[in-house]
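Right, one structure below, let's go through it.
The values are calculated or read from the model by the stated rules, or taken from the named source; none is laboratory data. Treat the numbers as computed from the prediction; the structure is a model and nothing was measured. Cβ placement follows ideal geometry from the backbone for every residue including glycine, while neighbour counts extend to all protein chains displayed.
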């Protein structure tokens, strides 16, 4: 049985379920209701002065339509504005917010959007005078200069188990891009001679 997600609103109009109903429906619900079971209890006693001089802070201006969680009625009072979502990665991010934050598809789409965003920025770097350098910017050179390679053996490091994948993950996209460009150049040459 699935219920539609309702946004969080402080004063909901529908009566909330009782503690007994929630405890029967959700295993482990209310485990921290007893103050003696909460490690933070002495610090959270009522009446402690917080220093806040407002009930709800002034809202941050929304300069463009932001991606919004379907669990909340509105954006938090303050949110990041430094990098608006753009391009294909922005479209993927906006699409991810059509799903609940409790679903894996939401987070997998956001991870995919991050990878697409990185690829978009790599491609944009080729249009500048200083394109990305995958050798120096990934720290490969320092592996040999600063003792990185010898430190991988005999230390029981966790990353040793997957270090064989690192060159594929880092260099793979660059090799595929170079192969794609070479194939496109070859096809263009054949088209011109034909």
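At-a-glance table
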| quantity | calculated |
| --- | --- |
| Residue match in the range 125-134 (condition: modelled with pLDDT under 90 and not in a loop (DSSP other than H, G, I, E, B)) | yes |
| The listed residue being within 27 Å of residue 88 (Cβ to Cβ) and surrounded by 11 or more Cβ atoms within 10 Å (Cβ to Cβ), out of 128, 138 | 138 |
| Pairs, first free of Cβ contacts under 8 Å to residues at least 12 places away in the same chain in the range 60-76, second in a loop (DSSP other than H, G, I, E, B), C-beta under 7 Å, six or more apart | none |
| Candidates 91, 118, 96, 104 - the one that is surrounded by 14 or more Cβ atoms within 10 Å (Cβ to Cβ) and under 17 Å from the mean Cα position of the chain (by Cα) | 96 |
